[in-house]
Amino acid sequence: EAGVTQFPSHSVIEKGQTVTLRCDPISGHDNLYWYRRVMGKEIKFLLHFVKESKQDESGMPNNRFLAERTGGTYSTLKVQPAELEDSGVYFCASSQLSGGKQETQYFGPGTRLLVL
Amino acid sequence: TQLLEQSPQFLSIQEGENLTVYCNSSSVFSSLQWYRQEPGEGPVLLVTVVTGGEVKKLKRLTFQFGDARKDSSLHITAAQPGDTGLYLCAGRSGGSRLTFGEGTQLTVNP
């Protein structure tokens, strides 16, 4: 069974440009999460989809970030316009069960974003 | 804002030594998870503890959840070079979002 995949693996853009990150969850997983780790900090939650609906987007840093999951399959995270502080590693995770104590989130390899 | 303080941040030991990594918070968590992350990959779940005082063992790794469910520890016995990696604790307190610690970078030298 294929794991969570993310594309691209790396992205280097200039400040002010737009970047779109893609996540393909494990097939059949209704829950999809985005997390981010900026340099020297812990991994932080961004948002949670249940199928195509945003269940919790309280971690989104500002309105330059837009996440979508049309059709409830893959998800995209767009940053527009990108700022220097957006640099970091963006992780996607998916799971079958939501909210349970034993829920297992499976993480993708991450997209390393560098904004110059 | 819930925080998980993980210590130490870096740990370099010789093969065969024992070590303990700590994860502490002032907040109560309904469950606490430990992950291991390799370079270029995402975190991989090692264990979930849900009951205060719970102890789980995974080969040479022992995980403990504090009685008050505010802290946890990971103990590795007779560390091996293959144990080298980034160890992360993450807590959940209702809902699905995970709160992560900053991680402990462990290096086991042969």
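The values are calculated or read from the model by the stated rules, or taken from the named source; none is laboratory data. Values in this document were obtained by computation on a predicted structure and should not be read as measured data. Counting neighbours? That spans all protein chains shown, and the Cβs are built from the backbone with ideal geometry, glycine included. Ligands, DNA and RNA are excluded from the accessible area calculation, which covers all protein heavy atoms including side chains. Shrake-Rupley method; radii C 1.70, N 1.55, O 1.52, S 1.80 Å.
Things worth noting here:
- Expressed as a whole percent, the accessible surface of the protein assembly as shown that belongs to carbon and sulfur atoms is 50, based on a 1.4 Å probe.
- In the stretch B:5-109, the convex hull through the Cα atoms has an average projected area of 6.1 nm², a quarter of its surface area.
- Mean projection of the Cα convex hull over all viewing directions, computed for the stretch A:1-82: 5.8 nm².
- Between A:Leu66 and A:Glu52, the simple label model (points 7 Å from Cα in the Cβ direction) yields a spacing of 1.7 nm.
- Just so you know, the Rg over Rh for the protein assembly as shown is 0.98, from Cα atoms, with Rh as the Kirkwood radius.
- Accessible area that becomes buried as A packs against B, both chains, 1.4 Å probe, Å², nearest 100: 1800
- When the chymotrypsin sites (Phe, Trp or Tyr not before Pro) in the stretch B:61-110 are filtered for DSSP coil states and for at most 12 other beta-carbon atoms within 10 Å of their beta-carbon, no site remains.
- Per residue, the accessible area of the protein assembly as shown comes to 48 Å² when a 1.4 Å probe rolls over the protein heavy atoms.
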